[in-house]
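Peer 1: Please find one structure pasted underneath; my questions will follow.
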Amino acid sequence: LRPELVEQVVAGVAATTGFREVFLDEAGGRSVPVLRPVTPQPGQVPLSAADVLLVTGGGRGITAECAYALASDTGARLAILGRSDPASQPELAANLARMRQAGITLHYVRADVTDPAAVRAAVAEAAATLGPITAVLHGAGDNQPAALTSLDAAAVRRALAPKLDGLSAVLD
């Protein structure tokens, strides 16, 4: 890295009090992404009622809403993997009930995506219930925003494990 880019990153981190996603290009340009809703055009989503979408981390938050929209629009069945127990997580239980009330066929299985054996067992259970998995929406994660200056290598590894190790386990 060029020293001036390092200085720019350090200055940006020092000036940040909350979470902010920022991109720096090679020329030193800085941009902040802006999310906008996108409505897929008919035929853009390659899913149908014949599909079973494996959704990791899809019981709450943005992944749950994405899974809900995909299943509502396409009729795909949802095999949802998550660490939480719906019996002790009211928000999760409410989301699963809302999906079912909307006519979405789903099967929720508890599994930690960083545990390959647990993922294999969960996928086998979901496939036995819903049919073969034909698509994946990988949203599992450990969302604990923190300033970069407060992170050590172990914290970065913990944050990346559900995304990297989890995806590897799911794809296996």
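Peer 1: Yes or no: A155 in a helix (DSSP H, G or I), among the small types (G, A, S) and within 22 Å of D85 (Cβ to Cβ)?
Peer 2: It is false that A155 is in a helix (DSSP H, G or I), among the small types (G, A, S) and within 22 Å of D85 (Cβ to Cβ).
Peer 1: Now, a different point. Tell me, which residue of region 47-63 that is within 12 Å of M99 (Cβ to Cβ) and at pLDDT below 95 is surrounded by the fewest Cβ atoms within 10 Å (Cβ to Cβ)?
Peer 2: R60
Peer 1: Which condition number does V13 fail, the rest of (1) within 18 Å of the chain's Cα centre (by Cα); (2) surrounded by 13 or more Cβ atoms within 10 Å (Cβ to Cβ); (3) at pLDDT below 90; (4) of a type outside the set (G, A, S) being met?
Peer 2: For V13, the failing item is (1).
Peer 1: Report the residue count in region 117-160 for those that are polar (S, T, N, Q) and surrounded by fewer than 12 Cβ atoms within 10 Å (Cβ to Cβ).
Peer 2: Within region 117-160, residues that are polar (S, T, N, Q) and surrounded by fewer than 12 Cβ atoms within 10 Å (Cβ to Cβ) number 4.
Peer 1: What are the residues in region 78-90 that are open to solvent by 60 Å² or more (accessible area, probe 1.4 Å) and farther than 26 Å from L164 by Cβ, if any?
Peer 2: A87, S88, P90
The values are calculated or read from the model by the stated rules, or taken from the named source; none is laboratory data. Please read all numbers here as calculations on a predicted model, not as lab measurements. Positions of Cβ are backbone-derived with ideal geometry, glycine not excepted, and every protein chain shown enters the neighbour counts. Note: areas computed on protein heavy atoms with side chains; ligands, DNA, RNA excluded. Shrake-Rupley method; radii C 1.70, N 1.55, O 1.52, S 1.80 Å.
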